Amino acid sequence: MGLDMYVRVVRKWDIVDLEKFTKTIINSMSLNVNDKDVDFDLKEYITRYPTIMIPYGVGSELCYWRKHPNLHGWMKNLFYDKGGESETGFNNDIVFLMKKDVLKLKEDIENDKLPDTQGFFFGESYLDDEDREWRNTHDMECIDKMLKSLDSGDLIYYSSSW
């Protein structure tokens, strides 16, 4: 047991399929307006509701961390800042990340501003200076992946389990 953390990516071609699927459901349920089919933009919807749940099987793993509680605490704060509500204390919840979020995360890592976060299954973010250096390097590699995905038109979201 322990804190497992992920950023998952929904590729732009999957976004198109999800939008088509959602439009079909909405329009088949006679939820259209003035006999016109409803248009549905998933990215716009996610921007408005960034803590909406999405089935875990949608998307694939982009980044993974094990027992990095300070990063988890940063994501938890973001989740609540974006209006998220959790019945589990931010366990298995998700928060979609926008480019500005990833850039802020990068800045906070560079300036050592991740919040000190603790939990029974969380472990410690930094055991020593060598571990801190390794984690920061890994974090920056993940940030590069996240920014590249976002610039490609993908959606990304954070989730964890402990």
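The values are calculated or read from the model by the stated rules, or taken from the named source; none is laboratory data. What you see is a predicted model; the values in this text were computed from it and never measured. All Cβ positions, glycine included, derive from the backbone under ideal geometry; neighbour counts span all protein chains shown.
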Of the residues in the stretch 6-28, those that are among the hydroxyl-bearing types (Ser, Thr, Tyr) and touching a Phe, Trp or Tyr at 6+ places or on another chain (Cβ under 8 Å) come to Tyr6, Thr22
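Give the stretch 120-144 a look and list any residue that's assigned to a helix (DSSP H, G or I), surrounded by fewer than 14 Cβ atoms within 10 Å (Cβ to Cβ) and either of a type in the set (A, V, I, L, M) or within 20 Å of the chain's Cα centre (by Cα) (or both), or say none.
Thr137, Met140, Glu141, Asp144
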Discussion item. With the structure loaded, tell me whether Lys104 is basic (Lys, Arg), without any contact (Cβ under 8 Å) to a residue 24 or more places away in the chain, closer than 23 Å to Thr137 by Cβ and not in a helix (DSSP H, G or I) or whether it fails that test.
Written reply: no
Thr22 vs (1) free of Cβ contacts under 8 Å to residues at least 60 places away in the same chain; (2) in a loop (DSSP other than H, G, I, E, B): all pass except (2)
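The rows are residues; the columns are (1) more than 15 Å from the chain's Cα centre (by Cα); (2) at positive phi; (3) surrounded by 12 or more Cβ atoms within 10 Å (Cβ to Cβ).
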residue	(1), (2), (3)
Val95	no, no, yes
Leu114	yes, no, yes
Gln118	yes, no, no
Tyr158	no, no, yes
Of those in the stretch 1-21 that are under 27 Å from Asn92 (Cβ atoms) and more than 21 Å from the chain's Cα centre (by Cα), the residue modelled with the highest pLDDT is Phe21
